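Take a look at the structure below.
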Amino acid sequence: MRSALFVPADSEKKLAKGPEAGADALLLDLEDAVALARKPIARAMARDFLRARKHEWPRLIVRVNAWDTGLTLADLAEVVTAAPDGIMLPKCNGAEDVKRLDWALAALEAREGLPVGGIGILPIASETAQALFAFGTYAGTSTRLIGLTWGGEDLAAAVGARANKGPDGQFDDLFRMARALCIAGAGAAGIPAIDTVFVDFRDEYGLRAEATEARRMGFGGKAAIHPAQVGPINEAFTPTSQEREWAKQVLDAFSAAPDAGVVTLGGKMVDKPHLLQARRILGRS
């Protein structure tokens, strides 16, 4: 999942155009992008959209409202009837929030006659101060986990920060830490890390720089808030032809020496961590 585009679930126009953007996933938003009075409308529109595009690309994930709003179960009861690919859980404070969602999904899947465990979970794991202390709790929590992402806007509000980036456009220390912990937490859980949104959708240069940095750090993809961001994000997270060729050579070298812990490639020593990286590159291709 290189790119995941947020789409307000109560906007017929944006829902219709969403699949044209080329994102690997659409995030049908019932949370921040939808006013309280329109939540019921958004649920019904998300449900109908899911039903109309079932088994089509891109993947369809619904961002429900956070547990502390009291709206989460109503969101789930509506959208699970249409079997989304996943549920994005905002303001997730760790393993217990994921387990609670797992149990709710299992009950609703059983009610609808769906395969239990078929709907994935994508937590946003840094939107409260408490959440920063829980990145290590996701490993082994649920087989539904399809990734781990983080957010800087809600975290800034939670701690009283005026912004999450300095004048140079770089994340301040707290947010750099949250970003790094997201990669570590995802790695510990054996799932992809998805980088947060780049809010200035008119700044393509800044977006490309941040996406390139994110991939170098270990993120597997990045969220988007505007269709124009999808192309640059996909490009940043798609392995180049040179990377694919290197990865193929690494796999070939280890295939020729299956019992070796280290092989030589182009005059350099290549070991098992390189083999893992090669497999990831070809998997993303």
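Read-outs: derived from the displayed coordinates by stated rules, not from any lab. What you see is a predicted model; the values in this text were computed from it and never measured. Every residue, glycine among them, receives a Cβ derived from its backbone with ideal geometry; neighbour counts consider all protein chains shown.
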For this session: Please turn the phi angles of the stretch 243-255 into ³J(HN,Hα) values with the Karplus equation 6.51 cos²θ - 1.76 cosθ + 1.60 (θ = phi - 60°), one per residue in order, whole Hz, x for glycine and proline.
Result: 5, 5, 5, 4, 4, 5, 5, 4, 4, 5, 5, 6, 5
Exercise. Fewest to most neighbouring Cβ within 10 Å: what's the order for Asp172, Asp195?
Worked result: Asp172, Asp195
Problem set entry | Table column - 3J(HN,Hα) (Hz), the stretch 20-28, Karplus curve with 6.51, -1.76, 1.60, x for Gly and Pro | 6, 6, x, 6, 6, 8, 10, 9, 6
Exercise. Which is the longest stretch in the chain that no exposed loop site breaks, taking sites as trypsin sites (Lys or Arg not before Pro) with a DSSP loop state and at most 11 other Cβ atoms within 10 Å?
Worked result: 1-161
Exercise. Which net charge results when you count Lys and Arg as +1 and Asp and Glu as -1 among the other residues whose beta-carbon is under 11 Å from that of Val64?
Worked result: 0
Problem set entry | Backbone HN-Hα couplings from phi across the stretch 155-168 [Karplus 6.51/-1.76/1.60, Hz, Gly and Pro as x] | 5, 4, 5, 5, 9, x, 6, 6, 7, 9, 10, x, x, 7
Exercise. Can you list residues whose amide H is under 5 Å from Leu145's amide H, if they're 5+ apart or on another chain and H is modeled 1.01 Å from N?
Worked result: Ile121
Seminar exercise, completed: Between the alpha carbon centres of the stretch 212-276 and the stretch 19-42 the gap in Å comes to 32 Å
For this session: Could you sort out which of Lys222/Lys248; Lys54/Lys91; Lys54/Lys248; Lys14/Lys39 sit more than 23 Å apart by Cα distance in this structure?
Result: Lys222/Lys248; Lys54/Lys91; Lys54/Lys248
Problem set entry | In range of the label at Ala52: residues from the stretch 75-104 whose backbone nitrogen is under 12 Å from the point 7 Å along Cα→Cβ | none
Seminar exercise, completed: Subtracting the Cα-Cα distance of Met217 and Lys13 from 0.36 nm times their residue separation yields 69.9 nm
For this session: Pull up all non-local amide H partners of Ser3: gap of 5 or more, or a different chain, and H-to-H distance under 5 Å with H placed in the peptide plane.
Result: Asp24, Ala25, Lys222
Exercise. For the chain, what is the mean residue ellipticity at 222 nm derived from helices alone (per DSSP H run of n ≥ 4: -39500 (n - 2.57); sum divided by total residues; nearest 500 deg cm²/dmol)?
Worked result: -13000 deg cm²/dmol
